[in-house]
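Encoded as structure tokens, the structure appears first; notes follow it.
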Amino acid sequence: MGVTPPDAREAVVYSQGRGGLVARNLPLTVGYGLIGGETVAFTVVMLLDFQRDPFTPLAYFLLPAIVWGALLEALLVSGAELSRSRFVVWANAFAPPFRRSRLFAPRLPAVMPFETAQSVVPGIRVVDRKERIYSVSVELRGGERLIVRESDVGSTGVRALLSAWSEWTKRLQAPSAVASAPQTPPLWIGREWREELAIGLGLLAILVVAALLIALAGNNIAGRVAFAALFVSGFAFAVGWILSARSRMRRIIKMREDGPKLDS
């Protein structure tokens, strides 16, 4: 399996199939590899072309900044999904499906004993008037949070993690996730909010640079009108993203104060 639990005597509760992992990793790896290569190639071609033409408006040199800003935005949105690994659950530990909880977060260990978790809380949705567990929020003692979603490890993997955690706490007569959850907002709430804020502000920066480019170098009135409409809609989306992230942060804090159900 490539990883060893803290106690080798513990049986494997769940192991993600290699085929499913490859099926998720391959498109992401190929896609971002192509995007990164095209970004570099596009930047080189543009700069060489601009340098050959002495009449190229200086505003055109803003184009590479827009392209690289878009690439950074894509990386920020993808976040932890860029570092996928095989998900395995033992009776006393698990191998996380992502090696980082966020894009720029510290690298997680290959195997995480349950002792490293502050709480393990299910994410619940109501479908056809029935509650359905679609994810698990693992809050680590170091101040990070790892989200294990059904779309990443399957419904069986999500249930296996919850079941193993529950059995482990019962064996140790440990407090439940409800009782052990701290009352003060943990570090991961502010960190996730700042990441969401960076995504929204990054989109706003791209739009501002693009608007500056159009204003300095654009001569087509129809094109300017079309971009103005795109700018307004993009600006509204970016502001909405930031406000939604802010509202979600406040809602999570309130949920922690009222009970254990966390919004992921």
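Worth a mention:
- Residue in the stretch 113-123 that is under 18 Å from the mean Cα position of the chain (by Cα), closer than 22 Å to N25 by Cα and in contact (Cβ under 8 Å) with a residue 24 or more places away in the chain present: no
- Breaking point among (1) more than 24 Å from the chain's Cα centre (by Cα); (2) open to solvent by 60 Å² or more (accessible area, probe 1.4 Å); (3) free of Cβ contacts under 8 Å to residues at least 24 places away in the same chain; (4) within 25 Å of A238 (Cβ to Cβ), for E38: (1)
- Residues that are modelled with pLDDT of 85 or more and more than 20 Å from the chain's Cα centre (by Cα) are absent from the stretch 135-155.
- So R52, is it open to solvent by 70 Å² or more (accessible area, probe 1.4 Å) and touching a strand residue (DSSP E or B) at 6+ places or on another chain (Cβ under 8 Å): no
Residue by residue, here is whether (1) of a type outside the set (G, A, S); (2) modelled with pLDDT of 75 or more; (3) more than 30 Å from G17 (Cβ to Cβ); (4) surrounded by 12 or more Cβ atoms within 10 Å (Cβ to Cβ) holds:
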residue	(1), (2), (3), (4)
L172	yes, yes, yes, no
L216	yes, yes, yes, yes
N220	yes, no, yes, no
F227	yes, no, yes, yes
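- Tallying residues that are open to solvent by less than 50 Å² (accessible area, probe 1.4 Å), over 21 Å from S101 (Cα atoms) and of a type outside the set (A, V, I, L, M) within the stretch 58-77 yields 2.
- Test set (1) modelled with pLDDT under 75; (2) open to solvent by 40 Å² or more (accessible area, probe 1.4 Å); (3) not aliphatic (A, V, I, L, M) - S180 fails condition number: (2)
- Only one of A91, A95, A80 that is small (G, A, S) and either open to solvent by 40 Å² or more (accessible area, probe 1.4 Å) or touching a helix residue (DSSP H, G or I) at 6+ places or on another chain (Cβ under 7 Å) (or both): A91
- Hits in the stretch 105-154 - residues which are among the hydroxyl-bearing types (S, T, Y), assigned to a strand (DSSP E or B) and open to solvent by 30 Å² or more (accessible area, probe 1.4 Å): Y134
The values are calculated or read from the model by the stated rules, or taken from the named source; none is laboratory data. All figures in this text were calculated on a predicted structure; none of them were measured in a lab. A quick note on method: Cβ atoms are made from the backbone with ideal geometry, for glycine too, and the neighbour counts reach across all protein chains shown. Quick note on the areas: whole protein, heavy atoms, side chains included, nothing else; ligands and nucleic acids left out. Shrake-Rupley method; radii C 1.70, N 1.55, O 1.52, S 1.80 Å.
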